[in-house]
Amino acid sequence: MDDRRDFGLLLDHSPMAQATARHAARPVLADWGLDEQQIYDALLVISELVTNAVTHALPPVVLHLHATADTAGRVQIHVSDGGPQPTPFGWAASRPASEHGRGTAIVSALTNDAGTDLDTDGLIDHWADLDAA
């Protein structure tokens, strides 16, 4: 990676948002020089963060990817949303409790760091840092 690179995508607030995000992110991550395992891990993290946004938050849902060329060689994944909605959305609301709650553990296992902040547009920003070197 030569310098800082950025990618952004506004996603539909629907169950198809995860697939759209993965499909759009894969060629970007490959172009940035990530290997297949790094791409797989990044796409899994993207899926988890987007799923949580669509299931538990209000629109909009926005995916941002940032890559740095410093010695750390990191990719930052950000998924911003409109904040908590009163009840879970769509298909996730009908699934048994045993099928929920693993996303945070998956993101933690695959990333160096992750968290949640308020972004400059007043949206909730869920982020994760992955190795890309």
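Read-outs throughout are calculated quantities, based only on the coordinates presented, and are distinct from any laboratory measurement. Everything numeric here is computed off the predicted structure, so don't read it as measured data. Using ideal geometry, Cβ is built from the backbone for each residue, glycine included, and neighbour counts are taken over all protein chains shown.
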Between R4 and Y40, the two model label points (7 Å from Cα along the beta-carbon direction) sit apart by a distance in nm of 3.2
Quick check: net charge around V54, other residues with Cβ under 12 Å of its Cβ, Lys/Arg +1 and Asp/Glu -1? -3
So, by mean Cβ neighbours within 10 angstrom, what's the order for 107-120, 14-27 with the highest one leading? 14-27, 107-120
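How many percent of the alpha carbon pairs in region 5-131 exceed a separation of 25 Å?
For region 5-131, the fraction of Cα-Cα distances above 25 Å is 20 percent.
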Starting from 0.36 nm per residue, how many nanometres of slack lie between A30 and A109 once their C-alpha separation is accounted for? 26.3 nm
If packing is taken as the average number of other Cβ atoms within 10 Å across a peptide's residues, how do 78-85, 60-67 rank, most packed first? 60-67, 78-85
Residue-wise HN-Hα coupling along region 20-27, computed from phi with Karplus coefficients 6.51, -1.76, 1.60 (Hz; x: Gly, Pro): 4, 5, 4, 4, 6, 6, 3, x
